[in-house]
Amino acid sequence: MKEEKHLTFVVETIKEKIKYRENSSSCPFCNREELTNIIVEDGPIILLENKFPSLADTYQLLLIETDKCSENMTTYDNAHLRRLISFGINHWLEMDAGGDYKSVVFFKNHGFLSGGSVEHEHMQIVGLKNVDYRENIKDEIFEGIEIYREDDCLINISTLPNACSTEINIITKPRNDNFIADNLPGIIKYMQKQCSSYNLFFYNWKNSIICKLVSRWVTSPFLVGYSIPHNSDRIPVIAEELRQYYE
């Protein structure tokens, strides 16, 4: 049987979401008393079902990171960020291990060009019933110029990125949530000097837990029309500049 490779947007649900946002001037994640279908809370961190699940054959969860609209991953204190990353990875891996989905993705949108629609910091965990994201992944997107290494944990910059962006990989083997949390703020701050939008993508890949930070720009027509990604001649320069953070 042919493997499913596409996700289907439910247009009516998207319309409902747009209408809801147009009729509300307040942040939907700040009004915590109005949140529904909460699965679990850990202090200011909340995991709940997406009120507007816009993808067919999926189970969509939102992970609200904080109770303060003005905060983000570059301003959280270290204890909160460590708690947040472990909370998210634990629930992602637990959902993936449950066997109800072909695969489960865990990611974050930040900024206008990232694909996000709510500014209040959050991440998403989505169970895909018919699509295995791993079938689209190759080892090469996690390979590149080394920036920093600590024991078996590695940070590098992709020389063959998955898209047409700067892609920084935080690779932990075995799993090391604190290494991811401790290194994210500095990398995000560096990236945001050139680009205000980014994504985080998490991968359970060949006994490693990997967090890929991707800068977001207007998508290249080569990628959209011909599935041809490209890299940048500044990759070695970016790697050297990031190394300075660790000297």
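The values are calculated or read from the model by the stated rules, or taken from the named source; none is laboratory data. Since the model is a prediction, treat every value here as computed from it, not as a measurement. Reconstructed Cβ throughout: ideal geometry from the backbone, glycine too, with neighbour counts over all protein chains shown.
Miscellaneous remarks
- Consider the stretch 98-134 and keep the residues that are among the acidic types (Asp, Glu) and either modelled with pLDDT of 95 or more or surrounded by 18 or more Cβ atoms within 10 Å (Cβ to Cβ) (or both). The one that is nearest to the chain's Cα centre (by Cα) is Glu121.
- Of all residues in the stretch 194-213, those being assigned to a strand (DSSP E or B) and over 18 Å from Leu81 (Cα atoms) number 4.
- Looking at the stretch 90-193, the strands (runs of 3 or more DSSP E) lying wholly inside it that each contain 2 or more residues that are over 17 Å from Asn204 (Cα atoms) sit at 103-110, 144-150, 153-158.
- For beta carbons closer than 9 Å, sequence separation of 6+ or different chains, a first residue in the stretch 61-84 that is farther than 16 Å from Asp42 by Cα and a second that is surrounded by 18 or more Cβ atoms within 10 Å (Cβ to Cβ) and of a type in the set (Ser, Thr, Tyr), the qualifying pairs are Asn72/Thr66.
- Considering only residues in the stretch 201-231 that are among the hydrophobic types (A, V, I, L, M, F, W, C), under 16 Å from Trp92 (Cβ atoms) and in contact with a helix residue (DSSP H, G or I) (Cβ under 8 Å, 6 or more places away or on another chain), the one that is surrounded by the most Cβ atoms within 10 Å (Cβ to Cβ) turns out to be Cys211.
- All conditions but one from (1) among the β-branched types (Val, Ile, Thr); (2) more than 28 Å from Gln194 (Cα to Cα); (3) under 14 Å from the mean Cα position of the chain (by Cα) apply to Ile64; the one that does not is (2).
- If you filter the stretch 158-179 down to residues that are more than 20 Å from Gly116 (Cβ to Cβ) and of a type in the set (A, V, I, L, M, F, W, C), you find that the one that is surrounded by the most Cβ atoms within 10 Å (Cβ to Cβ) is Ile170.
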